[in-house]
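To keep things clear, I will list the structure first and then write my remarks on it.
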Amino acid sequence: MLKVTQQPDVISFGGGLPAPELFPRDEIATCTRDVMDRYGAAALQYSVTEGIPEMRSWLAQRLAPAFEREVPADDVLIVNGSQQGLDLIGKILIDPGDHVVLENPSYLGAIHAFDAYEARYLTVETDEDGMVPESLERVLDAAEPFPKFLYLIPNFQNPTGRTLAGDRRERIVRICEHFDLPIVEDDPYGELRFEGEPLPPLFSFATSGTVLYLGTGSKIVAPGLRVAWLVVPDEDVREKLILAKQGADLHSGSLAQYIFHAYVSSDAFESHVRDIVSTYRRRRDVMYAALQEFAPPSVSFNHPQGGMFLWARAAGIDTSELLAACARHRVVFVPGESFYPARDVRDGMRLNFSNSSEEKLRIGIERIMSTIRSVTK
Ligand SMILES: Cc1ncc(COP(=O)(O)O)c(C=O)c1O
């Protein structure tokens, strides 16, 4: 399959990649020069595990409006991609055989990270409004052994593009508070909102429970810098995470952090995020319009309000098999099966729209839909 996607005439909706043509290449080059002039050797030296103070203070300020409270810079830990955050959380919280609660379906990278610590999964029903609170309650009531934490992606979820409804957010925080279950809130896509008002992060609700918040620069600046953050108010948990990170890599790259900080502190950054949002919104519109035009009645699909993915279901079709047929027609996507820990739902398709031109989005959807028509004839 990899061989297929690397061929130039193949349209890929498979990866979860940002649009490379939007990367701020010139600005990052200028920032790199400025960082060397301003910080010199310090930017090339070993640094502290928690992250450079400039980044932690910037995040404390940037996150405060969404969190509706000041977050001390000390609560912020810089990690090497939020993927490392997931790994460290797995390392400190999961013992072999422990349960982790997930949305069904959920992010494959998180499942992989937790698999490494031999987690088992309890899955909670989801609908177009995200995780269903009543299902969470039922799962927790019946859980044996009781899970270590709940992992969820409330905004423009990977793989479904769905957003957890506003009224469900506080309910989920209260349910977890009642059951004393820590929440891991992974929010890589929250800033990529195309329409509607931003919804409060779970982290923003006052609770006696534990909420860990994960964010990343991968979708708003560039994933190659590997600059991401964990916000951890609980001191014990934070200390364990810092020790785990020390053991893993001592610290995230100092140079990348200084460059990232210089760029996000510049005037160019906010308008850059707006450019990403408007480009992805157009791409979502084109993919959605193509689905409306070409999808047979057996295919249902959603209309995500942000992010990078649209989710489709092809009733009665095993999309892993469909993928092989689509690859022959020079278009690929990710079959839904792997996002379900029990691998028991086989008709889903994750369709990435951020990484293809508008022209390719339309042609690719037409190819997938005509392949579906030909295999169901
Ligand atoms: C839900 C989710 N979490 C985490 C990540 C990892 O992001 P990064 O390690 O680049 O910050 C991704 C990447 O696609 C993602 O979709």
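Odds and ends about this structure:
- The antiparallel fraction among DSSP beta bridges confined to the chain stands at about 55%.
- The stretch 16-76 and the stretch 226-244: distance between their alpha carbon centers, rounded to Å: 17 Å
- The stretch 1-52 - Rg over Rh from alpha carbon coordinates, Kirkwood radius: 1.22
- Each peptide in 340-347, 9-16 was scored by the mean count of other Cβ atoms within 10 Å over its residues; highest first, the order is 9-16, 340-347.
- Whole-number D in µm² s⁻¹ for the chain, Kirkwood Cα-pair radius fed into Stokes-Einstein, 20 °C, 1.002 mPa s: 99 µm²/s
- Taking Cβ atoms as reference points and 12 Å as the exclusive limit, the residues near L310 contribute a net charge of +4, counting Lys and Arg as +1 and Asp and Glu as -1.
- Once backbone amide H atoms are built at 1.01 Å from N, R120 has G97, D98, H99, V100 as its partners under 5 Å, excluding neighbours fewer than 5 places away on the same chain.
- Anchor K148: lysines whose Cα lies under 23 Å away (excluding residues fewer than 8 positions away in-chain): K91, K240, K245
- From its DSSP helices (H runs of at least four residues, each -39,500 (n - 2.57)), the chain gives a residue-normalised ellipticity at 222 nm of -13500 deg cm²/dmol.
- Reciprocal mean inverse distance between Cα atoms of the stretch 1-142 - Kirkwood radius, Å: 19.6 Å
- For I220, the accessible area of its heavy atoms, probed at 1.4 Å with every protein chain present, is near 10 square angstrom.
- With only the Cα atoms considered, the stretch 71-176 has a convex hull volume of 112 Å³ per residue.
- Order by protection proxy (mean Cβ within 10 Å, highest first), peptides 353-365, 124-136, 261-273: 353-365, 124-136, 261-273
- Residues of type lysines that K360 reaches as a straight line, Cα spacing below 26 Å, ignoring anything fewer than 8 places off in the same chain: K3, K219, K377
The values are calculated or read from the model by the stated rules, or taken from the named source; none is laboratory data. Computed from a prediction, not measured in an experiment: that's the story for all the values here. Cβ coordinates were reconstructed from backbone atoms using ideal geometry, including for glycine residues, and neighbour counts include every protein chain displayed. These accessible areas exclude ligands, DNA and RNA; they are computed on the full protein's heavy atoms, side chains included. Shrake-Rupley method; radii C 1.70, N 1.55, O 1.52, S 1.80 Å.
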